[in-house]
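Please read the structure below before turning to the comments.
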Amino acid sequence: MNAQQVLENLQRRFPNEPEYHQAVEEVLSTIEEEYNKHPEFEKANLIERLCIPDRVYQFRVNWMDDKGNIRTNMGYRIQHNNAIGPYKGGLRFHSSVNLSILKFLAFEQTFKNSLTTLPMGGAKGGSDFSPRGKSSAEVMRFCQAFMLELWRHIGPDRDVPAGDIGVGGREIGYLYGTYKKLTHEFSGILTGKGLEYGGSLIRPEATGYGNIYFLMEMLKTKGTDLKGKTCLVSGSGNVAQYTIEKVIELGGKVVTCSDSDGYIYDPDGIDRAKLDYIMELKNLYRGRIREYAEQYGCKYVEGARPWGEKGDIALPSATQNEINEADAKQLIANGVMAVSEGANMPSTPEAIQVFQQAKILYAPGKAANAGGVSVSGLEMTQNSIRLSWTMAEVDEKLKSIMKSIHEACVKYGTESDGYVNYVRGANVAGFMKVAKAMMAQGTI
Ligand code: NDP
Ligand code: 2IT
């Protein structure tokens, strides 16, 4: 079967899963040339095997809210591919979660994890439970109920979940406590754990920092860096916060951030004190980004995304498909020179085309945001050897991983005119490692 036939089969077999189709189509359209060089791949029906998850768990989660009502949510874990290591990937708790979204994320994770140079397969999971507006006691009861189902499918050498949207340190703690209670074992089962019980330094920072390390590598190819550059960030959660922190540290200025209700525009830039305010607002009080505009007297735009503002660099760090074709055109018209994705699949296929046609630096999430799962991999290593590395050690390893991902993208993605197609580079590099491992292990 060629790539087109595989895609058509997927669309027929799994209708109504548009995000999953979108992610598969993007990868298949860029690896076909490389794939065709290996007739043994086609004989082994490799692409189809790589596109369909190994298995999908789906379960009902019941929990009690503070008023005593019994509530129902759906829980999922997609174990996509474990050719190069145990299944690994985050858990997302958000009202929009469904099979299509988690299947796209697990598929992407497989290529991303392959790029990290560490031995991790791809997975994703989560629930349509939204922590927004819930008390901590409700979140705890939900996490306990969720783990009561999930625990039998995961394990330190089998499948190691972590955080994603709606799952941060608090949720990981509750999930970990429940797993420990159920198995009666203190094991390296989740990553993103607290430092006191097996977490790694730099894990909270890793995705944001890693994205900026990757961006710096891209900027270096143009002989420039972040100093004096204006950045547009979306989101105001884990990834956005540490993206902003690193941009400030390296001399750039961030003028926007957002949440699902709207965005703020601060022409003076978000400085350290303002970032501390955002961290407290979002991580402690769990408030809305609108309050930043009230606190600092700047513009707040309800129900919109920040892509209409003027900036040199865009760092989408909220969610999938948050930059459409019109947004991309607007960014280009406003002179954006680089887009580096902290979020997973934040740009639509049409938006990606706009960026690439304009020949700007454009890094897809599976390359640029791989720092998060990379430090998760380093957390697993530290758990295995029962040691903790210093902040400087982990940060150095993160930097060198991001650099090697950039090198892989340049190696596999440089086109005849010298333009680096980071999408092609990341997909081909990620694909080849998994493909070779699958071939070596036979048709199981
Ligand atoms: P958080 O839950 O910490 O923050 C998510 C942010 O994005 C919040 O500001 C949230 O707003 C906003 N957001 C979420 N959904 C939507 C939506 N549908 N429309 C508009 N805004 C939205 O999650 P993370 O920062 O961890 O994740 C952000 C992105 O980064 C995701 O795409 C995730 O997959 C990706 N990522 C995360 C990694 C990690 O280690 N955490 C690693 C690699 C990628 P609100 O508060 O209103 O919900
Ligand atoms: O999308 C991602 O890479 C994550 N949410 C992090 C996954 C992980 O296992 O750390």
(Q) When the residues of the stretch 132-179 are narrowed to those that are assigned to a loop (DSSP other than H, G, I, E, B) and more than 22 Å from Gly199 (Cα to Cα), which ends up farthest from ligand 1 (Cβ to nearest atom)? (A) Ser135
Q | Neighbours by Cβ (under 8 Å, 6+ apart or cross-chain): first from the stretch 261-272, farther than 18 Å from Gly228 by Cβ; second part of a loop (DSSP other than H, G, I, E, B) and among the aliphatic types (A, V, I, L, M) | A | Asp261/Ile289; Gly262/Ile289; Gly262/Ala304; Tyr263/Ile289; Tyr263/Ala304; Ile264/Ile289
Q | Matching residues in the stretch 124-146 - criterion: being within 16 Å of ligand 2 (Cβ to nearest atom) and either more than 14 Å from Leu102 (Cβ to Cβ) or of a type in the set (D, E, K, R) (or both) | A | Lys124, Pro131
Q. Quick one: in the stretch 220-236, which of the residues that are touching an Asp or Glu at 6+ places or on another chain (Cβ under 9 Å) and surrounded by 23 or more Cβ atoms within 10 Å (Cβ to Cβ) is farthest from Tyr285 (Cα to Cα)?
A. Cys231
Q | Long-range neighbours under 7 Å by Cβ, at least six apart or interchain, first residue modelled with pLDDT under 95 within the stretch 142-169, second in a helix (DSSP H, G or I) and of a type in the set (D, E, K, R) | A | none
Q: Go through the stretch 180-225 and give me each residue that's within 14 Å of ligand 2 (Cβ to nearest atom), assigned to a loop (DSSP other than H, G, I, E, B) and β-branched (Val, Ile, Thr).
A: Ile189, Thr191, Ile202
Q: Filter the stretch 175-204 for residues that are of a type outside the set (Val, Ile, Thr), without any contact (Cβ under 8 Å) to a residue 60 or more places away in the chain and buried (at least 20 other Cβ atoms within 10 Å of the Cβ) and give the result.
A: Tyr176, Tyr179, Leu190, Pro204
Q: Would you point out the residue of the stretch 339-373, among those that are assigned to a loop (DSSP other than H, G, I, E, B) and either away from ligand 2 (no atom under 16 Å from the Cβ) or of a type in the set (Ser, Thr, Tyr) (or both), that is nearest to Met218 (Cα to Cα)?
A: Ile360
Q) Among the residues of the stretch 39-88, which ones are aliphatic (A, V, I, L, M) and surrounded by 14 or more Cβ atoms within 10 Å (Cβ to Cβ)? A) Ala44, Leu46, Ile47, Leu50, Ile52, Val56, Val61, Met64, Met74, Ile78, Ala83, Ile84
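The values are calculated or read from the model by the stated rules, or taken from the named source; none is laboratory data. Remember, predicted model here, so these are calculated numbers, not experimental data. Quick reminder, even Gly has a Cβ in these numbers, built from the backbone with ideal geometry, and neighbours come from all protein chains shown.
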